[in-house]
Amino acid sequence: MLSIIDYDAGNTFNVIKAFKHLGIEVQLTDEPEKIMKSSGLILPGVGAFGPAMATLEKKGLIGVIKKVVLDNKIPLLGICLGMQLLFEKSSEYGSHEGLGLIPGEVGLIPEKGDLKVPQMGWNENQLKKNETDFAFIADEYTYFVHSYYAVCDKQYLISTVDYGVEIPAMVQNKNIFGTQFHPEKSGAVGLKILKTFSEKVVRQ
Amino acid sequence: MLAKRIIPCLDVDNGRVKKGINFVNLVDVGDPATIAAEYESQGADELVFLDITATNQKRSTMKGVVERVSSQVFMPLTVGGGIKSVTDMQELLRAGADKISLNSAAVATPELITEGAKKFGNQCIVVAIDVKRNAAKDYYEVYTHGGKTATGIDALEWAKKIVELGAGELLVTSMDKDGTKSGFDIELYQKLSILVDVPIIASGGAGTSSDFADVFQKSAVDGALAASVFHYGEIAIPDLKKTLRDQGVNIR
């Protein structure tokens, strides 16, 4: 079963609804045993990096997530803040250690000219990796709401968007995936991303 | 780069969309979820639902509307109308809304903006401002209660203040332009966009596709909202988007 990790960090309801709409069974859980037995994990997230990591730690989920993903090679998809947590650290209100599943760091989007922070709205994906099941994201617009962004090596990029700086939109390190945008709010292409990810889960 | 947003606005009364909506092939034109799905398929970038229900009793049905719409339509949803507390906001966000729009309540209780922003993040809190030019005193005046009550508040000052209080977006309706189909109040949006650095949504006055092109090209607004021109099919969103794209506006 695909598990959505429940750690009080924002709106999981719309993610659940999107999977329901696709006819894909998911469970919302914070129980380590259930997470250990999952065939795939979704790490959602809205809010701030530090408190989100603190909650994962308090619930005893950090080691569990790492074990499932690194040892059992179970596919994981981090969404928005959930994607940022996959990186090594963030400078959001101090310095915080992340899950360290993808090399890279999270920092504030630099204010440039008329660009507003947070980035809020639809931006166009530039495909950065051709050998991927997610190549259909090329030139598609997806929906973003964020003030911080990941800086990582280009080998981890599936797609980026231009917002004064090049912002990683979809990233991957082996079985670990992340979207800075909200697939559950990105219309047809967003649903296709969730569906494609869930097919990876089935194939495991 | 970020696309400019085209936003249809739907008035909801006791769980049903009010005002005639003349889409072809829609069996039940009053059902919010059906209409939302149609707008999604046309390429709307976001939807605003305004609860115009007069009584609090019926208001709880709005939660159900949001719940149903967000189960079928996967795009950003803003909900406004009669929201008076952080609890109201939380209920609508839990039902699937992405943003909450405050209007009269923000004027009556400005702290509500800050409380909402602290709890849910600035990006969740939209403040709607109804603006009418006060010719005698030469300023833009804020109106509340559906445009019925003049407040004496300077709209430009108010905009700055609500952003300081935590508003993440401003939805600014020009009452002078609303319903006239004579174009958006470009001067108002030019003035506002210099003063605040949060996204501004223009509303009021849309009559043709070129009105949208004008407001995007002549002011720094991030989105444009309209109701009747979309509902009555006077402007089809795919045609509008093509026109905007042809004129060099960045559109999804």
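The values are calculated or read from the model by the stated rules, or taken from the named source; none is laboratory data. Just so it is clear, the model here is predicted, and its values are computed rather than measured. Neighbour counts run over all protein chains shown; Cβ positions are idealised from the backbone, glycine included. Remember, those area values only see protein heavy atoms, side chains included, never the ligands or the DNA or RNA. Shrake-Rupley method; radii C 1.70, N 1.55, O 1.52, S 1.80 Å.
Suppose we keep just the DSSP beta bridges with both residues in segment B:5-246; what percent of those would be antiparallel, to 5? Working shown, then result.
Values: 10 of 41 bridges.
So the antiparallel bridges amount to about 25 percent of the total.
Rounded, prolate or oblate: pick one for segment B:83-226, where a ≥ b ≥ c are the square roots of the eigenvalues of its C-alpha gyration tensor, a/c under 1.5 means rounded, and failing that, prolate if a/b is larger than b/c, else oblate. Provide the component values of the computation, followed by the final result.
On the way: a/c = 1.79, a/b = 1.44, b/c = 1.24.
Prolate.
Skipping prolines and chain starts, which residues have an amide H placed within reach, meaning under 5 Å, of the one on residue B:140, given they are 5 or more residues away or on another chain?
Sorted by chain and number, the residues that satisfy this are B:134, B:155, B:156.
Take the alpha carbon atoms of the protein assembly as shown, find their radius of gyration, then divide it by 2.2 N^0.38 Å using N residues; give the quotient.
Numbers: Rg = 21.7 Å, N = 456, 2.2 N^0.38 = 22.5 Å.
Its radius of gyration relative to the 2.2 N^0.38 Å reference: 0.96.
Of all alpha-carbon pairs in segment B:64-126, indicate the percentage at a distance above 14 angstrom. Don't skip to the answer; put the middle values down first.
Numbers: 986 of 1953 pairs.
Distances greater than 14 Å cover 50 percent of the Cα pairs.
For residue A:42, list long-range residues whose amide hydrogen, built 1.01 Å from N in the peptide plane, is under 5 Å from its own amide hydrogen.
So residue A:42 has HN proximity to A:3, A:4, A:5, A:77.
If you take the square roots of the eigenvalues of the alpha-carbon gyration tensor of segment A:1-90 and sort them as a ≥ b ≥ c, do you get rounded (a/c under 1.5), prolate (a/b over b/c) or oblate?
Note, shape of segment A:1-90 comes out oblate.
Filter the cross-link list A:200/B:119; A:73/B:4; A:128/B:119; B:118/B:181; A:185/B:63 down to pairs whose alpha-carbon distance in this structure exceeds 29 Å.
Working: A:200/B:119 36 Å; A:73/B:4 40 Å; A:128/B:119 36 Å; B:118/B:181 38 Å; A:185/B:63 18 Å.
Listed pairs above 29 Å: A:200/B:119; A:73/B:4; A:128/B:119; B:118/B:181.
Give the share of C-alpha pairs in each 10 angstrom bin for segment A:93-142, from 0 to the last occupied bin, in whole percents, shortest bins first.
18, 28, 44, 10
Taking a ≥ b ≥ c as the square roots of the eigenvalues of the Cα gyration tensor of segment B:198-249, is the shape rounded (a/c under 1.5), prolate (a/b larger than b/c) or oblate?
Numbers: a/c = 2.03, a/b = 1.21, b/c = 1.68.
Oblate, since a/c reaches 1.5 and b/c is not below a/b.
Nothing charged except the Cβ atoms of Lys and Arg (+1) and of Asp and Glu (-1): what's the magnitude of the dipole of chain A about its Cα centre? Round to the nearest 20 debye. Kindly include the intermediate steps, with their values, before the conclusion.
Details: 21 positive and 24 negative charges, 103 e Å.
So the dipole magnitude of chain A works out to roughly 500 debye.
Restricting attention to segment A:70-135, which chymotrypsin sites (Phe, Trp or Tyr not before Pro) occupy a DSSP loop and are surrounded by at most 14 other Cβ atoms within 10 Å?
Numbers: sites: A:87, A:93, A:122, A:134; in loops: A:87, A:93, A:134.
Passing sites in segment A:70-135 are A:93.
Only four residue types carry charge here, +1 at the Cβ of Lys and Arg and -1 at the Cβ of Asp and Glu. Report the dipole size of the protein assembly as shown about the Cα centre in Debye, rounded to the nearest 20.
Charge dipole of the protein assembly as shown: 680 debye, to the nearest 20.
Dipole of segment B:5-246, Cα-centred, from +1 at each Lys and Arg C-beta and -1 at each Asp and Glu C-beta, to the nearest 20 debye?
On the way: 26 positive and 33 negative charges, 70 e Å.
The dipole of segment B:5-246 has a size of about 340 debye.
Sorted by accessible area with a 1.4 angstrom probe, largest first, how do A:28, B:171 fall?
A:28, B:171
Find the Cα radius of gyration of segment A:135-204, compare it with 2.2 N^0.38 Å by division, and give the number to two decimals. Intermediate values should be presented prior to the final figure.
Values: Rg = 12.1 Å, N = 70, 2.2 N^0.38 = 11.1 Å.
The value comes to 1.09.
Chains A and B: what accessible area do they bury, summed, in square angstrom to the nearest 100, with a 1.4 Å probe? Numbers along the way, then the final one.
On the way: alone 9350 and 11210 Å², together 18200 Å².
Summing both sides, the interface buries roughly 2400 Å².
Please give the direction-averaged projected area of the C-alpha convex hull for segment A:40-141, in square nanometres with one decimal. Display every interim value, and only then the final one.
Numbers: hull surface 31.6 nm².
Over every viewing direction, the Cα hull of segment A:40-141 projects on average to 7.9 nm².
Take the Cα gyration tensor of chain A, multiply each eigenvalue by 5, square-root it, and list the three semi-axes largest first, rounded to whole angstrom.
Numbers: eigenvalues 113, 79, 48 Å².
After scaling each eigenvalue by five and taking roots: 24, 20, 15 Å.
Kindly give Rg over Rh for segment B:1-109, based on alpha-carbon atoms, with the Kirkwood expression for the hydrodynamic radius. Each step should come with its number before you reach the end.
Working: Rg = 13.6 Å, Rh = 14.2 Å.
Result for segment B:1-109 is an Rg/Rh of 0.96.
Expressed as a fraction of 2.2 N^0.38 Å, the rule-of-thumb size for a compact globular protein of N residues, what is the C-alpha radius of gyration of chain B? The partial results should precede the final answer.
On the way: Rg = 17.0 Å, N = 252, 2.2 N^0.38 = 18.0 Å.
Dividing the Cα Rg of chain B by 2.2 N^0.38 Å gives 0.94.
At 1.4 Å probe radius, can you tell me the per residue accessible area of segment B:5-246 in Å²? Present the calculation step by step, with values, prior to reporting the outcome.
Working: 9590 Å² over 242 residues.
Here the residues of segment B:5-246 average 40 Å² of exposed surface.
Can you give me the span-like helices of chain A, meaning DSSP H runs with 18 Å or more of Cα extent along the axis and Kyte-Doolittle mean at or above 0.0? Provide the component values of the computation, followed by the final result.
Working: long enough: A:187-203 (25 Å, 0.43).
Membrane-span-like by this rule: A:187-203.
Determine ³J(HN,Hα), in whole Hz, for all residues of segment A:60-65 in sequence, where each value follows from phi through the Karplus function 6.51 cos²θ - 1.76 cosθ + 1.60 and θ = phi - 60°; x replaces Gly and Pro.
Computed from phi, the couplings for segment A:60-65 are x, 9, 5, x, 5, 4 Hz.
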